[in-house]
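The values are calculated or read from the model by the stated rules, or taken from the named source; none is laboratory data. Predicted model, so just to flag it, every value in this text is computed and none were measured. Using ideal geometry, Cβ is built from the backbone for each residue, glycine included, and neighbour counts are taken over all protein chains shown. In case anyone asks, the SASA skips ligands and DNA or RNA and just uses the protein heavy atoms, side chains included. Shrake-Rupley method; radii C 1.70, N 1.55, O 1.52, S 1.80 Å.
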2 protein chains.
Amino acid sequence: MGRRSDHTREELRELILEEGHRQLSEVGFARFSAREVAKGIGYSIGTIYNVFGSYSALMLALNGRTLDIWLAFLEERLAGREKDRLDAAIEAYFDFALGHRHAWTALYDFRLPAGELPSESYREKVEAITGVIVREIAAVLPADARQHALPLARSLLASVHGHCFFAINGTFAMLGEQDPVGAAKARVAEALARYG
Amino acid sequence: MGRRSDHTREELRELILEEGHRQLSEVGFARFSAREVAKGIGYSIGTIYNVFGSYSALMLALNGRTLDIWLAFLEERLAGREKDRLDAAIEAYFDFALGHRHAWTALYDFRLPAGELPSESYREKVEAITGVIVREIAAVLPADARQHALPLARSLLASVHGHCFFAINGTFAMLGEQDPVGAAKARVAEALARYG
DNA sequence: CAAATTAATTGAACGCCGTCCAATTTTTTA
DNA sequence: TAAAAAATTGGACGGCGTTCAATTAATTTG
């Protein structure tokens, strides 16, 4: 088969990302393959390479999509919430990771080959999620401590991430921890307590 | 070539682990291959399978070796230290991860296929490292708060892990965090302050 | 000591993978 | 309508984990 006009380049890109994310969510990073995505949309492997150029570019785009979904999920959980917004954000972190286990895990399992850098748009997505946490932390800090919101947000994100990661990869189960979410909330509360 | 007697089964196991860990540390998990290890020790791929049975069993043994080295590293850093032992442990966490980047990363990049469980000996190694932290936390807690040492240790390990992970995978760099170790120490100190 | 048995080792074969690219076909341009 | 450009294919390549029949050496048995 030669040139087709079933889809524009943009449609094709969207088709691949849609099917790719579906498959990634289903089989997980270790079993994910670009060839299988091509099969799934009825195109050949070569077409994936036409559109994305490489496996890492595809993975980065898929992880970008996960970040998009994650951000939307987080904002939705916070929307309209009056009290305990940070706790809600922590719960959302865990719920998203547990509910999209494979996609979430792929965010960290996939590493760019040495020398390659994440695109600007990928960085923006990561920063957008961080931005939500910065905003929520700033909101609970006393006015004279607001300048600590960004460093605190980065650090508390790391703490929550560690708890979530151990919950998902089995480390906590191995060590007998039964309430990872509660532990994460406690650590965040202690950090904030310092600023009165 | 048929049966040889160059090495006993135990020697062969050790040979494979030695070379495997060397290669894993050099090329990282994504590029690591059992075939290449076989080449490295002058045996065929079949022999690796005779000794370990599968790729996951080999990886688990290699990660077990990393945990052994990590535990020894941690204990050595703490040996003879009088003050700020927990801070020293946190520094050791980061220093080990940074100094053995590929091996440390492989501990988390490699996931057992669904259904397989880590061996008892692997669990013991993880618990041994946790045990060090439990001990150090218990030592700084007031006597009437000692029962919190284990849950606190699990949780603070997760926090420190999150910081270390973000330091190594580039998330912190992306977000402008310049002092991951300092942030981790601050979070741990705040958690302990509560029992102060 | 010789013959039979057991154990270890090999490497080709299989079906995957990411990657590349010459050939083909359609669309667009001239 | 002819020429140029763009898109799509799928075979080829070298790699991977895994399996296993064949081979060879060590060990046991008679």
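What to note about this one:
- Taking only the Cα atoms of segment A:1-53, the ratio Rg/Rh comes out at 0.97, with Rh defined as the Kirkwood radius.
- Among A:L60, A:L157, A:L15, the largest mean-square fluctuation in a Gaussian network model of chain A, built with springs joining Cα atoms closer than 10 Å, belongs to A:L15.
- Shape class for segment B:82-193, computed from the alpha carbon gyration tensor (a ≥ b ≥ c): oblate, with a/c not under 1.5 and a/b at or below b/c.
- Set of segment B:146-189 residues, backbone N closer than 11 Å to the point 7 Å along the Cα-Cβ line of A:E127: B:174-176
- A compact globular protein would have a Cα radius of gyration near 2.2 N^0.38 Å; the ratio found for segment A:133-196 is 1.24.
- If you take the Cα centroid of segment A:137-195 and the Cα centroid of segment B:65-138, the two points sit 21 Å apart.
- Unit charges on C-beta of K, R, D, E only; dipole of the protein assembly as shown, Debye: 460 debye
- Accessible surface of the protein assembly as shown, 1.4 Å probe: 51 percent of it comes from carbon and sulfur atoms.
- Counting Cβ atoms of other protein chains within 10 Å of each Cβ in B:161-173 and taking the mean gives 5.
- B:R194-B:N169 FRET efficiency (beta carbon distance; Förster radius 30 Å; 0.05 resolution): 0.50
- Computed from Cα positions, the angle between helix B:149-169 and the longest principal axis of chain B comes to roughly 70 degrees.
- Structure-based [θ]222 nm, chain A - -39500 (n - 2.57) summed over DSSP H runs of at least 4, per residue, nearest 500: -24000 deg cm²/dmol
- Residues A:E36 and A:D179, FRET efficiency given R0 of 51 Å [Cβ-Cβ distance, rounded to 0.05]: 0.85
- Where Rh is the Kirkwood radius over Cα pairs, Rg/Rh for chain A: 1.04
- With protein chains left intact and a 1.4 Å probe, residues in chain A average 49 Å² of accessible area per residue.
- The protein assembly as shown: radius of gyration over Cα atoms, expressed as a fraction of 2.2 N^0.38 Å: 1.08
- 0 to 90° range, to nearest 10: angle between helix B:120-140 axis and chain B longest Cα axis: 20 degrees
- Once the Cα atoms are used to define both axes, helix A:180-193 deviates from the longest principal axis of chain A by about 50 degrees.
- Across segment A:52-96, Cα-Cα pairs farther apart than 16 Å form 47% of the total.
- Distances between copies at A:S119, taken between label points 7 Å from Cα along the C-beta direction, are 4.4 nm in increasing order.
- Interface burial for A against B (accessible surface, 1.4 Å probe, total of both chains, Å², rounded to 100): 3100 Å²
- Considering only A:H148, A:W70, A:S44, and ranking their Cα positions along the charge dipole of chain A that arises from unit charges at the beta-carbon of Lys, Arg, Asp and Glu, the one farthest toward the positive end is A:S44.
- Where chain A is rotated onto chain B, the residue of A whose Cβ comes nearest the axis, and that gap in whole Å, is A:G162, 1.
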